[in-house]
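A.B. asks: One structure, as structure tokens, below. Some questions next.
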Amino acid sequence: MKYDLVFDLDDTLIQTQAAFRHNVDLCSNLVHQALDEKVIINDIKEVFNKIDLELIKELGFSKARYPYAWESTLDLLATRFNIEISSIVNDQLQSLAKTIFKVNIPLQNDTFIIEELSNRKDVASMTILTLGEKDVQSKRVMDTGLVHHFDNVFITSKKDKSTYLELNEKLSNPVMIGNSLRSDIVPALDAGMKAIHIIRDSWSYDEIEHNHRIDSIKSLVEIKLLLFGNLVKL
Ligand SMILES: [Mg+2]
């Protein structure tokens, strides 16, 4: 049986969550200083997370959202504590937040399997399906150094059932592999596709209620056994 393997990018192939966590640390420190240390770091992070998740409804996965969520966090807390924030500090916070789109995000440590799988054209085709803005996601795909192992790279502004129905048309036997129940697994299963959940360090947005029985793996290496069993020695 030949499978069209479709990989999510962020947190499936690269360590995006760790990179964001580091940037959140830097930004919350800057906000902490800007507010004369009147608000503890954890409270700043909590306010930021709430605003950021709320803004997804409005701004989705556009790159405007993350820096704007920081601007709103500082604005809200500064108003609450009656502290005036200079435009220099506001600009510093914006530049710091935007560095998340410029840094090189490290690969996950099990992505060596991508090369192995891509060498078996008789049993697997290779696709990346990633959610976000074209320039940011293209850069992240190129930074992986894995792009030559893939037959297709699709960048999409949404990952819902219709996205996977379209994908089903393009590929003959697709299997979605990703870390997000909300974006990768549940809508793919809803569209009648096969899906494999890879358990990774994720953010709360990725969780969702569902009634599906889900195949989960802890390493991409497990794809070999789960899909190809002992029939194929990769
Ligand atoms: Mg992901």
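A.B. asks: Just the projected area, averaged over all directions, of the convex hull on the alpha carbon atoms of the chain: how many nm²?
C.D. replies: Reported value for the Cα convex hull: 13.2 nm².
A.B. asks: Another one. What is the P(r) of the range 155-234, as percent of Cα-Cα pairs per 10 Å bin from 0?
C.D. replies: 18, 49, 29, 4
A.B. asks: Here is a further query. What percent of all Cα-Cα pairs in the range 17-101 falls into each 10 Å bin, going from 0 up to the bin containing the maximum distance?
C.D. replies: In whole percents, the pair-distance histogram is 18, 57, 24, 1.
A.B. asks: Putting +1 on Lys and Arg Cβ atoms and -1 on Asp and Glu Cβ atoms, find which of S125, Q92, N168 reaches farthest to the positive end of the dipole of the range 90-234.
C.D. replies: Value computed over the given set: S125.
A.B. asks: May I pose another question? Enter the accessible area of K102 (Å², nearest 10), with the probe set to 1.4 Å and all protein chains included.
C.D. replies: Taking all protein chains as shown, K102 has close to 140 Å².
A.B. asks: Once the range 6-55 is represented by equal point scatterers at the alpha-carbon sites, with solvent omitted, what log10 I(q)/I(0) does the Debye formula produce at q = 0.16, 0.18, 0.24 Å⁻¹?
C.D. replies: -0.55, -0.64, -0.90
A.B. asks: Compute a Gaussian network model of the chain, connecting alpha carbons closer than 10 Å, and tell me which residue from D11, D25, D184 fluctuates the most.
C.D. replies: Of D11, D25, D184, the Gaussian network model singles out D25 as fluctuating most.
A.B. asks: Be a star and scan the range 65-98 for residues whose amide nitrogen sits under 19 Å from the point 7 Å along the Cα-to-Cβ vector of N49.
C.D. replies: It comes to 66-74, 76-77, nothing else.
A.B. asks: Using 19 Å as the Cα-Cα cut-off, could you pick out the over-long pairs in K2/K194; K158/K224; K139/K218; K57/K159; K134/K158?
C.D. replies: Over 19 Å Cα-Cα: K158/K224; K139/K218.
A.B. asks: Moving on. At 1.4 Å probe size, with every protein chain present, just tell me what the per residue accessible area of the chain comes to in Å².
C.D. replies: 51 Å²
A.B. asks: OK, next. Round to a whole angstrom and tell me the spacing of the C-alpha centers of the range 88-164 and the range 1-51.
C.D. replies: 17 Å
A.B. asks: Which sequence of E71, E166 reflects their accessible areas, 1.4 Å probe, from the largest down?
C.D. replies: Reading off the accessible areas and sorting them downward yields E166, E71.
A.B. asks: Moving on to the next point. Let me spell out the model: positive unit charges on the Cβ of Lys and Arg, negative unit charges on the Cβ of Asp and Glu, origin at the Cα centre of the chain. What dipole size does that give, in debye rounded to 20?
C.D. replies: In debye, rounded to 20, the chain gives about 580.
The values are calculated or read from the model by the stated rules, or taken from the named source; none is laboratory data. All values derive from a computational prediction rather than experimental measurement. With ideal geometry, Cβ positions are generated from the backbone for all residues, glycine too; neighbour counts draw on all protein chains shown. Areas reflect the complete protein model, heavy atoms only, side chains present, ligands, DNA and RNA absent. Shrake-Rupley method; radii C 1.70, N 1.55, O 1.52, S 1.80 Å.
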